[in-house]
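Worksheet: the structure to be examined is printed underneath.
The values are calculated or read from the model by the stated rules, or taken from the named source; none is laboratory data. Remember, predicted model here, so these are calculated numbers, not experimental data. FYI the Cβ positions are ideal-geometry reconstructions off the backbone, even for glycines, and counts take in every protein chain you see. Surface areas here come from the heavy atoms of the whole protein model, side chains and all, with no ligands, DNA or RNA. Shrake-Rupley method; radii C 1.70, N 1.55, O 1.52, S 1.80 Å.
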Amino acid sequence: MKKIAKWESPSNIALIKYWGKHGGQLPNNPSISFTLTNSKTITSVELVSKTDKNIEFLFNNDISESFSTRIENFLNSISSELPFINDYSFIIKSKNTFPHSAGIASSASAFSALALCLIDLKQQLGFKITDFFSEASYFARLGSGSACRSVYGGVALWGETDLIENSSNKFAVSLNDIIHPIFKNYHDDIIIVNSEKKHISSSLGHKLMDTNPYRNIKYKQSKINLNELLLSLKSGNLTDFIRITESEALSLHSMMMLSNPSFILLQPKTLQIISEIIRFRNHTKIPISFTLDAGPNVHVLYPHKFTDEVKEFLSDNFNHNCQIINDFTS
Ligand code: PMV
């Protein structure tokens, strides 16, 4: 019988940032993220009889050699743990629901969807699965660290912390059972400042943390931030949520500026948008806040009940000169 698996998985935005790693893609500090809803990758993986060509990879129905090489390297790297990979050739078809270079982490959704397909196929082939999503998260992590959090909807934690039982550096866990309802459908509107490819990749950014003289302070502070963020995610205290997530975003970019060599991914427009968000919050008392990924685009976070007010604010101030992608955590 034909063996095919199809999964979709969204991207995610980190609130506590993973920046720096060691060993086999293990994080230097635990991280927490919101998984998005609209911005996702849809992937199907079909196992076919083994031929010389191990993998055929189609992105948006076109053959993509560069992605294909990355996926082939990934499959080779995990084949000792998933030996069925050696017995088949693969036809992989993938597409994103968001523009390719919109500054949304496409490797997170891509490797999450791919890992879910692989564990599905493992199950179809009759191999024992202990915990489907933990296993998928484990393999997603080996593809791209932050991808391990995308396996779960809502809020996910990756990395060991005493505060959450079963937390691990090897895979992410869902925090949905302990999250306050205010964070259900929490919005993330992404203002695209620049959609060009970054001049410094995340891989290089992680690597530069190895020699960053401020790394230990950063990791200590991120652990404190994570503990405090967990409390606010449980209680629904938005004042703390905003203080901690904004500090984490700026600390991520500070680390880039303090690396050796240093680099800057923020752009003047990023800072201008951040100032406008803070001004709007102070003026209206609406709990809107920002976070940043490793790039210049601004993620605007706010509770669902303020949708109309924030929509008006964004369209008055930014819609005419920036693309905005509307998403939310479900
Ligand atoms: O998963 P990577 O290697 O692309 O790294 C992601 C790093 C950040 O997006 C900046 C932070 C995070 O935790 O997602």
Fill in: Net charge contributed by nearby residues that have their C-beta within less than 14 Å of I119 (K/R +1, D/E -1)
+1
Item to complete: Kindly state, to the nearest 0.05, the FRET efficiency for K285 paired with D177, given R0 = 25 Å and r defined as their beta-carbon distance.
Response: 0.25
Practice prompt. Kindly express, to the nearest 10 degrees and within the range 0 to 90, the angle between helix 238-257's C-alpha long axis and the longest C-alpha principal axis of the chain.
Written response: 70 degrees
Discussion item. Using a 7 Å offset from the Cα along the Cα-to-Cβ direction at both L163 and L258, what is the distance between the two label points in nm, to one decimal?
Written reply: 2.1 nm
Worksheet, complete the sentence: Largest-first semi-axes in Å of the equivalent ellipsoid built from the Cα gyration tensor of the stretch 185-328 are 27, 20, 11
Item to complete: Give me the Kirkwood hydrodynamic radius of the chain, using the inverse of the mean 1/r over all pairs of distinct Cα atoms, in Å to one decimal.
Response: 20.4 Å
Worksheet item: Which ³J(HN,Hα) values, rounded to whole Hz and listed in residue order, are derived for the stretch 83-94 from phi using the Karplus coefficients 6.51, -1.76 and 1.60 in 6.51 cos²θ - 1.76 cosθ + 1.60 with θ = phi - 60°, glycine and proline given as x?
Response: x, 4, 4, 6, 8, 9, 9, 10, 10, 10, 10, 9
Worksheet item: Rounded if a/c is under 1.5, else prolate if a/b beats b/c, else oblate: with a ≥ b ≥ c from the C-alpha gyration tensor eigenvalues square-rooted, which is the stretch 154-230?
Response: oblate
Response to the item:
P(r) of the stretch 50-133 over all Cα-Cα pairs, 5 Å bins starting at 0, rounded to whole percent, reads 3, 12, 23, 26, 19, 11, 6, 1
Discussion item. Below 8 Å between Cα atoms, with a sequence gap of 6+, how large is the relative contact order for the chain in percent?
Written reply: 21 percent
Response to the item:
Taking the stretch 3-178, the whole-percent share of alpha-carbon pairs separated by over 30 angstrom is 14 percent
Item to complete: Would you compute, from DSSP H runs of 4+ residues alone, the mean residue ellipticity of the chain at 222 nm, taking -39500 (n - 2.57) per run and dividing by the full residue count, rounded to the nearest 500?
Response: -12000 deg cm²/dmol
Worksheet item: Ranked highest first by the average count of other Cβ atoms within 10 Å around their residues, in what order do 22-29, 261-268 fall?
Response: 22-29, 261-268
Discussion item. I want the local charge near N237. Using Cβ-Cβ distances under 12 Å, sum +1 for each Lys or Arg and -1 for each Asp or Glu among the other residues.
Written reply: 0
Worksheet item: Going by alpha carbons, how many degrees (0 to 90, nearest 10) lie between the helix axis of 132-143 and the longest principal axis of the chain?
Response: 80 degrees
Worksheet item: For S144, what is the net charge nearby, where nearby means another residue's Cβ is under 12 Å from its Cβ and Lys, Arg count +1, Asp, Glu -1?
Response: +4
Worksheet item: So for Y138, Y214, what's the accessible-area order with a 1.4 Å probe, most first?
Response: Y214, Y138
Worksheet, complete the sentence: Set K223/K311; K17/K220; K17/K305; K3/K128, cut-off 24 Å on Cα-Cα distance; pairs above it are K223/K311; K17/K305
Response to the item:
Volume per residue (Å³) of the convex hull spanned by the alpha carbons of the stretch 220-303 is 86 Å³
Practice prompt. With everything on Cα atoms, drop me the angle between helix 268-284 and the longest principal axis of the chain, reported from 0 to 90° to the nearest 10.
Written response: 60 degrees
